[in-house]
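What follows is a single structure, written as structure tokens, with notes after it.
Read the figures in this text as sums done on the coordinates, not as results from a lab. The structure presented is a predicted model; accordingly, all values stated were derived computationally and were not measured. Glycine gets a Cβ as well: all are built from the backbone with ideal geometry, and neighbour counts include every protein chain shown.
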2 protein chains.
Amino acid sequence: MNKKELLDCQKRIAPYIHKTPVLSSRSINKIAGAMLFFKCENFQRMGAYKMRGATNAILQLTDVQRQGGVVTHSSGNFAQALALAAKSLGVNAHIVMPTSAPMVKKIGVMEYGARIYECEPTLKARNAMADSIAKETGATFIHPSNDEKVIVGQGTAALELLMDHDDLEAIFCPVGGGGLIAGSALAANYFGKNCKVYGAEPFEADDAYRSLKSGKIEDNITVNTIADGLRTTLGDKNFPIIQKHVVGIIRVTEEEIIGAMRLIWERMKIIVEPSSAVALAGLLREKEKFKGQKIGIIISGGNVDLGKLPFKENFNSYP
Amino acid sequence: MNKKELLDCQKRIAPYIHKTPVLSSRSINKIAGAMLFFKCENFQRMGAYKMRGATNAILQLTDVQRQGGVVTHSSGNFAQALALAAKSLGVNAHIVMPTSAPMVKKIGVMEYGARIYECEPTLKARNAMADSIAKETGATFIHPSNDEKVIVGQGTAALELLMDHDDLEAIFCPVGGGGLIAGSALAANYFGKNCKVYGAEPFEADDAYRSLKSGKIEDNITVNTIADGLRTTLGDKNFPIIQKHVVGIIRVTEEEIIGAMRLIWERMKIIVEPSSAVALAGLLREKEKFKGQKIGIIISGGNVDLGKLPFKENFNSYP
């Protein structure tokens, strides 16, 4: 995955995705003590950066593979992304979703015309069902995060951010399955000027933090976090990239996630999902280290179940 | 209030306000059966278009008046707007707010350094307190909506929208005190190509609808609406403009307001306050009349108390 692959990917997917805006907020800058540039993938098609990787993966299928369709398993945004990308490109999509997936995301997948297969919320059950669908239908399996074409695709968000702001000193990403941070780290490596990439994840799903410590891919011990997009674990394709190019992983509490989410909603007037707020929460937790710096924050998505919000009455996030 | 006054105002306030973006949504266009252009004043400084009128009013004070400061009464956005505009311009602000005003708006006013005076939530109590403050302090009273400089200032949002999209066939505005719709109607009259302006208001606060019917300024009978910015009534400065230039007022139910608000939040990933959603709700209610047209929607603001949201669990606004 070299510089040219990232640039080729950007060109390849451009007709099918949005070039999302980069926003700033004076009042959040003041709180952070730094200049923040939010790459707003919540405004991406279907509401998350996953559209980039899904589109890149489908566009590189052979004609025969396209005929067979695609299959994936995902609890959320990648399910919608693959469904919409497949629809846009005239390919059938089969989506394995755990019974625990948020209703708003299931509705999204259905609206995009994909077929949903419900399974138990375990990785084993997901894999088994995706395997059997691939065998039955001839569909090509596309992993949500541990796939080179997906990783390169996800990296185009940071690539666009760096094309607009080439002097960023750091980029913060949430870490779930590792596709976004691996792609972002590649983009920062090829297109940044000594731009350091940091991951942020919940204490309640800190597999990436522990994986970097131990040097091997670790499982999550708990996944009891509001950041539902970050409950997955790293894979053998993205972990080596993360080991090589990511400076560190900052862990945050559930209160910090909700506080950062509320701060973005209140001050920026944009809807971001809890997983996205994790990146800002990570920066705010360690803000003393980044005083006065120019920092990119990848806002990964905005798909929230509005009927289940975590905000308390008369609570002010950052007075 | 002629064409030149609007253009002069736009130049005058430009250094102190944001030129807000105009956003569109494919999926909302599909639901509406029209092409909608949302002028996003929720991204305005302090989160609402009121910043425009407040800034314009203060910028036209004499030096002596500036020394004395400004005073207004407002339950919400104009309070914050005058406070922030005054702070930006080095003028003292005295803000009369009813005890019933949302906490998030009181906090905003305090953060901008203005002095808050709490009063009973009646128009009489507000006026009396503002009068006595003006007498004691020498502050100049600036009405939130019934003031020519404020009206012209508010009209610059529609002016900017028409400068970007000069072929709009209609513009929808929420109607509260009448400043926004009067200013928008002037802008459409001077800068549109036969662009019709419609107001939208809750059935629960339908004073403007009844005022246009009767030909005189009517009071609200009820103000039992979630659209807290629209509980006020028209004034003698804006009513004649509305009579002359506004085509009609569409009334909407509380369910329609919440549904339109949820639709904007879910599909556009932006935070808009209930009063803003009223404009889209009005269009959706009468969408058959506007099929295929290019329509501007003024999103008036995004100041919402996140601890008190109206969304129900597992409810899908427009399936």
For region A:128-136, Karplus-derived ³J(HN,Hα) couplings (6.51, -1.76, 1.60; θ = phi - 60°; whole Hz; x for glycine and proline) come out as 4, 5, 4, 4, 5, 5, 4, 5, 5
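What does DSSP give for chain A in terms of the percent of beta bridges that are antiparallel, rounded to the nearest 5?
Values: 3 of 34 bridges.
Antiparallel bridges: around 10 percent, rounded to the nearest 5.
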With x for Gly and Pro, the residue-by-residue ³J(HN,Hα) of region B:224-239, computed from phi through the Karplus equation 6.51 cos²θ - 1.76 cosθ + 1.60 at θ = phi - 60° and given in whole Hz, is 7, 10, 5, 7, 5, x, 10, 8, 7, 10, 5, x, 5, 7, 8, 4
Residue-ordered couplings for region B:99-115, obtained by feeding phi - 60° into the Karplus form 6.51 cos²θ - 1.76 cosθ + 1.60 and rounding to whole Hz (Gly and Pro as x), are 4, 7, 5, x, 3, 4, 7, 5, 4, x, 4, 5, 4, 7, x, 7, 8
Taking Cα atoms only, helix B:3-13 is inclined relative to the longest principal axis of chain B by an angle, in degrees rounded to 10, of 70
Links exceeding 29 Å between C-alpha atoms in this model, out of B:LYS4/B:LYS106; A:LYS269/B:LYS287; A:LYS11/A:LYS289; B:LYS11/B:LYS308; A:LYS289/B:LYS50; B:LYS244/B:LYS291, come to B:LYS4/B:LYS106; A:LYS11/A:LYS289; B:LYS11/B:LYS308; A:LYS289/B:LYS50
In the protein assembly as shown, taking the dipole from +1 charges on Lys and Arg beta carbons and -1 charges on Asp and Glu beta carbons about the Cα centre, the listed residue (A:ILE171, A:ILE226, B:ALA32) farthest towards the positive end is A:ILE171
A student asked for the Cα radius of gyration and Dmax of region A:51-141 in angstrom ought to give 11.9, 34
With +1 on the Cβ of every Lys and Arg and -1 on the Cβ of every Asp and Glu, the dipole magnitude of chain B about its Cα centre, in debye rounded to the nearest 20, is 640
A correct fewest-to-most ranking of B:THR72, A:THR233 by other Cβ atoms within 10 Å would be A:THR233, B:THR72
Along the dipole axis of the protein assembly as shown (charges at Cβ: +1 for Lys and Arg, -1 for Asp and Glu; origin at the Cα centre), the most positive-end residue among B:SER300, B:PHE141, B:ASN189 is B:ASN189
If one compares the long axis through the Cα atoms of helix B:77-88 with the longest principal axis of the Cα atoms of chain B, the angle in degrees, nearest 10, works out at 50
Taking alpha-carbon centroids only, region B:8-48 lies from region B:142-214 a number of Å equal to 14
Amide H proximity to B:PHE37 below 5 Å, modelled H, separation 5+ or other chain, gives B:ILE295, B:GLY296, B:ILE297
Taking Cα atoms only, helix A:148-164 is inclined relative to the longest principal axis of chain A by an angle, in degrees rounded to 10, of 40
Inter-copy distances for B:VAL247, label 7 Å out on the Cα-Cβ vector, sorted ascending, nm, one decimal, are 5.6
Proxy exposure order for A:VAL109, B:VAL91 (fewest C-beta within 10 Å first) is B:VAL91, A:VAL109
In region A:130-286 the DSSP beta bridges are antiparallel at a rate, in percent to nearest 5, of 0
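Charges only on Cβ, +1 for Lys and Arg, -1 for Asp and Glu: so what's the dipole of the protein assembly as shown about the Cα centre, in debye to the nearest 20?
Numbers: 78 positive and 66 negative charges, 242 e Å.
The dipole of the protein assembly as shown has a size of about 1160 debye.
For region A:228-311, which GluC sites (Glu not before Pro) are in a loop by DSSP, counting at most 16 other Cβ atoms within 10 Å? The partial results should precede the final answer.
Numbers: sites: A:GLU254, A:GLU255, A:GLU256, A:GLU266, A:GLU286, A:GLU288; in loops: A:GLU286.
Counting only loop positions with at most 16 other Cβ atoms within 10 Å, the GluC sites (Glu not before Pro) in region A:228-311 are A:GLU286.
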Sorted by chain and then number, the residues having a modelled amide H within less than 5 Å of the amide H of A:ILE250, at least 5 places away or on another chain, are A:GLY199, A:ALA200, A:GLU201
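Need one value for B:262-271: mean number of C-beta atoms belonging to other chains within 10 Å of its residues' C-beta atoms. Intermediate values should be presented prior to the final figure.
Working: counts 2, 0, 1, 5, 10, 2, 6, 16, 7, 7.
Taking all residues of B:262-271 together, the mean is 6.
Rg/Rh for the protein assembly as shown to two decimals, with Rh computed the Kirkwood way over all alpha-carbon pairs. Working shown, then result.
Values: Rg = 25.7 Å, Rh = 25.6 Å.
Answer for the protein assembly as shown: 1.00.
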If labels are modelled 7 Å from Cα along the Cβ direction, A:ARG26 lies from its partners in the other copies at nm distances, smallest first, of 3.6
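What's the whole-number percent of alpha carbon pairs in region B:205-295 lying beyond 16 angstrom?
That tail contains 59 percent of the Cα-Cα pairs.
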Amide H proximity to A:ASN92 below 5 Å, modelled H, separation 5+ or other chain, gives A:GLY69, A:VAL70
Out of B:GLY113, B:ALA130, B:ASN238 - ranked by how far each Cα lies towards the positive end of the dipole of the protein assembly as shown, with unit charges on the beta-carbon of charged residues - the top one is B:ASN238
Per residue convex hull volume, Cα only, chain A, in Å³ is 117
With one decimal in nm and the nearest listed first, the spacings from B:GLU136 to its own position in the other copies, using label points 7 Å along Cα-to-Cβ, are 7.7
Given unit charges at Cβ for Lys, Arg (+) and Asp, Glu (-), the dipole magnitude of region A:2-88 about its Cα centre in debye, nearest 20, is 300
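Rounded to the nearest 500, what is the 222 nm mean residue ellipticity of chain A from helices alone, with -39500 (n - 2.57) per DSSP H run of 4+ residues and division by all residues? Spell out each step's value before the answer.
On the way: 13 runs with 142 residues, N = 319.
About -13500 deg cm²/dmol.
Order these by the 10 Å Cβ neighbour count, fewest first: A:LYS149, B:LYS106, A:LYS287. Spell out each step's value before the answer.
Numbers: A:LYS149 22, B:LYS106 19, A:LYS287 15.
Ordered from fewest to most neighbouring Cβ atoms within 10 Å, A:LYS149, B:LYS106, A:LYS287 come out as A:LYS287, B:LYS106, A:LYS149.
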